1. Excluding ligands, DNA and RNA, what is the solvent-accessible area per residue of region 583-658 at a probe of 1.4 Å, expressed in Å²?
2. Which of the chymotrypsin sites (Phe, Trp or Tyr not before Pro) across region 55-114 are loop residues per DSSP, with 14 or fewer other Cβ within 10 Å?
3. In degrees, nearest 10, range 0 to 90: what is the angle between the Cα axis of helix 172-184 and the longest Cα principal axis of the chain?
4. Over region 151-233, what is the relative contact order in percent, taking alpha-carbon pairs closer than 8 angstrom and at least six residues apart?
5. Can you work out the accessible area per residue across region 381-526, with the rest of the protein chains kept in place, probe 1.4 Å, in square angstrom?
6. Would you kindly find the accessible area of Lys41, with a 1.4 Å probe and non-protein molecules such as ligands, DNA and RNA excluded, rounding to the nearest 10 Å²?
7. How many Å² of accessible area per residue for region 1-66, probe 1.4 Å?
8. Okay, which of region 373-410 sit inside 19 Å, backbone N to the point 7 Å along the Cα-Cβ direction of Lys315?
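The values are calculated or read from the model by the stated rules, or taken from the named source; none is laboratory data. Everything quoted here is computed from the prediction, not taken from an experiment. Virtual Cβ from ideal backbone geometry, glycine too; neighbours counted across all protein chains shown. Areas reflect the complete protein model, heavy atoms only, side chains present, ligands, DNA and RNA absent. Shrake-Rupley method; radii C 1.70, N 1.55, O 1.52, S 1.80 Å.
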Amino acid sequence: MEDIKKEIEKLTEELLEHNRKYYEEDNPSISDYDYDMLIRKLTKLEEEYPQYKKEYSPTDRVGGKALDAFDKVKHEYKQLSLSNAFSYDELLEFDQRVKKEIENPVYTLENKFDGLTIVLTYKKGLLSVGATRGDGEVGEDVTLNVKTIKSIPLKLNEEVDLTVRGEVLIYKDNFEKINKEREKEGLSLFANPRNMAAGSIRQLDSKIAAKRNLDCFIFNLEHIEGKTLSSHSESLDYLKSLGFKVSEYKIFDNMKDIFDELIKKEDSRKSMPYEIDGAVIKLNDLEERELLGSTNKNPRWAIAYKFSETKVKTKLTDIIVNVGRTGTLTPVAILEGVRIDGSFVSRATLHNEDYINDNDIRIGDNVIVKKAGEIIPQVISSVKEDRKGDEKLFEMPKNCPVCGKEVVRQEGNSAVKCINVDCPAKISREIIHFASREAMNIDTLGERVLETLIEKDLIQDVSNIYKLEDKKKDIESLEKMGEKSVSNMLNAIEKSKENSLEDLLFALSINLVGKQGAKLLAKRFKTMDNLINASYEDIVDINEIGDKMATEIINFFKNPSKLALIERLKSVGVNMEYINEENEELKFEGMTFVLTGTLSKYKRSEAKKIIENYGGKVSSSVSKKTTYVLAGENAGSKEEKAKELGVKIISEDEFENMI
Ligand SMILES: [Zn+2]
């Protein structure tokens, strides 16, 4: 038994050390696979001998038992919120107030992250409680979820007692990825990364929180036992040395320079990987902070400068309802057209029924519309004081606006769906998806062309795409469809017949089966027939495919109309086999890549290996001969150089699509 206890301790320490190397030094010493094997081994031992499990065990990173509710936590140190400034004048006023008491104040400037504030308490260097800020006095105990955030250390490099405050956030690309997955599964979408981060941390099932890939920046030391620090910047440096990921800061001695920096920040925020909604200016000297103290609500030694967002007021004239590929009904606001950030906006998403009700948005209201980054415009609020009394409440239709069949809303889900498999709206979205670049990649058959073809009844289902040749004359007579473009289109259609099985599987819109799932199925079963004949057990046997997805796949291939469709595709000559990757083994041959910035999905060495395996080369400097620059976060001069030389810059996502 002593041996087992020692073994658990050894594994725990070893894994913590790997964690540290990975997240602090960005320099892992073992492969992800080996790491997972160690985690598995430790999990097994802990399950057999729970009495020896360490309270800071790295196995908690994957989440634990789901809770019924969160316990309340009374904060030992009152968590005040900051007062806001929106202009240079307001910053000057703040500075003047400080100067009444402090001679020559020195300030730090940090990002104001747009996430959810949490308070972490460590006892003897071990994470003991993670809590939400709540109302500043009482928050919720979200320790299990906090433990799943890999950048939050479970064990510090020193055995200290301390309390820190940080911001939990989600990266923009991750936000979009998760929302896309949710859309496919017919779940309601999060309106913005902040909502998603907050929803994840206030999630009763920590296993779900673990999958969201949250990150956390620590921005303040609230209290520490037995150590004296003289300045905020010193405390951040110290926290960093303990293993925290801390907010970066700059130091200034005058407001003019601060304001110049703020303008720079505001310009660059769109290109940042996460959202910031302003910057925080704090007095650096901790004794001076004490001297200034706090009002009832806010500390006097800090202020949050909020960026202006492009928000525009306009009239919401109507709400229409769109039906998506999975049958989800999405309310869309029809607006009196306005210009936002240079683009003309006449529609904006209202997400779902609950969003409209929660924000009390009515037809005829004046509303505030926001466009942030690449995210589609959204209505964020209604202007209640503008109401005249003739505004109308919106009601979600009880029947699908396209096919007229009754819609359903599942319990605990804000999405309303049309479940009619023959709904024309679903069918036309499915046809558009089938031809899309991600699926069968028939690039000349875009959304608009397809909509026309469907409308003219030239296509009724995806197999008709392959019979368009016979209708050449009809198509050529359509508006904007010359002989040349029709012949290009038919060539692209012909070529798509040769696609490998995974493209076809993804193109068929099987519920829950994304690109990755399709690839796994194609690799495993090799031919469509094998997959059709596969049992539930055969499918769920694939590591990454879970119960829900396997059930959807089985149901799809049990549906006679789907089988008939596959037969039709077969008869027109669409390839039904997995084309081995050997054909693309050297797809990067003759290409030169340059890696720059911080990659989040791959270690540099991994990315390099992948490129070399496909026959490509990796070089350290950008020249005219460079084929691609793979740019991660904070890509600097190399990205600039690539732009100058006209070398194509690709993101990690694009890279992933290439391999
Ligand atoms: Zn319908």
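1. Spelled out: the 1.4 Å probe surface of region 583-658, per residue, equals 58 Å².
2. Tyr77, Phe86
3. The answer is roughly 40 degrees.
4. Relative contact order of region 151-233: 49 percent.
5. So region 381-526 comes to 56 Å² accessible per residue, rounded to a whole number.
6. Near enough 100 Å² of accessible area.
7. I get 65 Å² per residue for this part.
8. 379-394
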